[in-house]
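**Student:** My questions will all concern the structure given below.
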Amino acid sequence: MKNLIMLCAVAVLFVTACNQTTDTRSFIPGIYVNQSAGEYSIASDTLVIEASESNNYFIHRKTGFRRITDGKPGKREYETEEWNALYDQGTKSLTEMDKGKLLTFYPEANKLLVGKREYKKINK
């Protein structure tokens, strides 16, 4: 009887672990936004994450910012970047391949972190 209970407990843990991986993976594709302001600039950042083949993802980063000079914001400037990232099933995160940035996902909070920068997912 103890063996049966133990076997059931292990099965429940296994199913729960599999569902969490699926939940995180299915959460990843989408659009994420971040806005920040500091002494020298005001910025809005958008990440568009697309699943590719296997564990690969494409990330399109679009940033709009205004430099602050003498306390006044300047004209809006734009930058774009294209990233390739690899999904790690163990950590449930993406690692950007060029600079090694770590993208950590929090589906329950509808957000992701790139380093310390927090992005909110705007589509579900």
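Here, each number is a calculation from the coordinates, and none is a lab measurement. As the structure is a computational prediction, the values presented were derived from the model and not from experiment. We place every Cβ from the backbone using ideal geometry, glycine too, and count neighbours over all the protein chains shown.
**Student:** Which residues among the stretch 107-123 fall inside the zone where the amide N is under 16 Å from a point 7 Å beyond the Cα of SER41, along Cα→Cβ?
**Tutor:** Answer for the stretch 107-123: 116-118.
**Student:** Kindly provide the chymotrypsin sites (Phe, Trp or Tyr not before Pro) of the stretch 39-71 that DSSP labels as loop, not H, G, I, E or B, and whose Cβ sees at most 14 other Cβ atoms within 10 Å.
**Tutor:** Filter output for the stretch 39-71: TYR40.
**Student:** While we're here: Modelled label-to-label distance, THR91 and VAL48, 7 Å Cα→beta-carbon offset: nm?
**Tutor:** 2.7 nm
**Student:** Checking the a/c ratio against 1.5 first, then a/b against b/c, what shape does the Cα gyration tensor give for the stretch 18-74?
**Tutor:** Note, shape of the stretch 18-74 comes out prolate.
**Student:** May I pose another question? Would you mind ranking ASP98, ASP45 by Cβ crowding within 10 Å, fewest neighbours first?
**Tutor:** Going from least to most buried by this count: ASP98, ASP45.
**Student:** Sticking with this one: Please list, in chain and number order, the residues 5+ apart from LYS101 or on another chain whose amide H is under 5 Å from its amide H, with Hs placed from the backbone.
**Tutor:** Counting only residues 5 or more places away or on other chains, the set is GLU96.
**Student:** A further question follows. Any aspartates and glutamates with Cα under 17 Å of the LYS111 Cα? List them, leaving off those in the same chain fewer than 8 positions away.
**Tutor:** Partners within reach: ASP23, ASP45, GLU50.
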